[in-house]
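Right, one structure below, let's go through it.
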Amino acid sequence: MTETQYRVLIVEDDTGIAHAIGDALRMWGLQPRCVEKFDAVLEEFGDFSPHLVLMDITLPFFNGYHWCSEIRRASKVPVIFLSSASDKMNIVMAMNMGGDDFIAKPFDMDVLLAKVQAMLRRAYDFGGKVPVLEHHGALLNLADAELTYQGQQIELTKNEFRILKTLMEQKGQVVSRNRLMRRLWEDESFVDENTLSVNVNRLRRKLAAAGLDGFITTKVGMGYLLE
C-alpha cells in the first residue's frame, strides 16, 4: 500500500484546528476527512473506513472516549487522542478506552505528522488494511467477519457474511440472485436457489432481531438491495 492511500478521520469540532490538520496531512500525501456530524461519528467512520483516527476528547453530543469505545467494538484501527486536557487522568482514561497514543494541545504540527506516520507504519507495513463496510449504522468488519450495530455483535455464518459483504459493497444497487450464488460458489459452497433463499431469510431474521428490520430489500425478479 502506498502512503497516498492512507485515510485519516479527524474527529475535532474546532473547524480551524480540524482544517489545519487536514491541510497538513494532505501535504504529506495522506487522505484526510473531517467529521461533520458529531452525533453520527460511527456512521462517518464506517463510510470513510479510515486507517487512523485523530480524536478530540471534548466533543458535542458524546465525548471522544465514547466514540473510541464504539469504534473499538468494530475495528482495531489506531486512534490517537488530541486534547488540551492532558493531565494524567485523561491520558490514562484515553489509553484505557482503546486509544493508541495521546497528543496534548497545543501541539507542533510536525510532531503530529511524525506520530501519525509512525503509527501508520507500525499498524500497516505488515498488517495490510483493516476495511470496514457501513450501512445505516451497521458496521461489517471484513477482517473478522463480524457485524456490529449499536453495541451489539451479530454472529454470521460464512455464507451470511459473504451475502452481506456483497450487498454492502454494492449498496444502493440491485444485486442479482445469480451474482450472489456465484460469490458463494467461490468459497466452494454448494448453493442453489433454495439454499440462497434459506441463507438470506436466516440473515434477515438475525438483522431484525438486532433492530435492523427491513435492512435487505427484495426486488422481485431482480434480486436484493440495501437502500
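Listing for the model above:
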{"quantity": "Conditions (1) surrounded by fewer than 18 Cβ atoms within 10 Å (Cβ to Cβ); (2) at pLDDT 80 or above; (3) under 21 Å from the mean Cα position of the chain (by Cα); number of the one not met by residue 139", "calculated": "(1)"}
{"quantity": "Some residue of the range 24-46 being in contact with a Cys (Cβ under 8 Å, 6 or more places away or on another chain) and outside the structural domain of residue 148 (by TED's automatic domain parsing)", "calculated": "no"}
{"quantity": "Failed criterion for residue 58 (all others in (1) in contact (Cβ under 8 Å) with a residue 24 or more places away in the chain; (2) β-branched (Val, Ile, Thr); (3) not in a loop (DSSP other than H, G, I, E, B) hold)", "calculated": "(3)"}
{"quantity": "Those residues of the range 61-94 which are part of a helix (DSSP H, G or I) and either aliphatic (A, V, I, L, M) or touching a strand residue (DSSP E or B) at 6+ places or on another chain (Cβ under 7 Å) (or both), in sequence order", "calculated": "64, 67, 68, 71, 73, 74, 89, 90, 91, 92, 93, 94"}
{"quantity": "Residue in the range 30-55 that is surrounded by the most Cβ atoms within 10 Å (Cβ to Cβ), counting only those that are part of a loop (DSSP other than H, G, I, E, B) and out of contact with any helix residue (DSSP H, G or I) (no Cβ under 8 Å at 6 or more places or on another chain)", "calculated": "50"}
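The values are calculated or read from the model by the stated rules, or taken from the named source; none is laboratory data. Not measured: the values here are computed from a predicted model. Cβ sites come from the backbone with ideal geometry, for glycine too, and all protein chains shown count toward neighbours.
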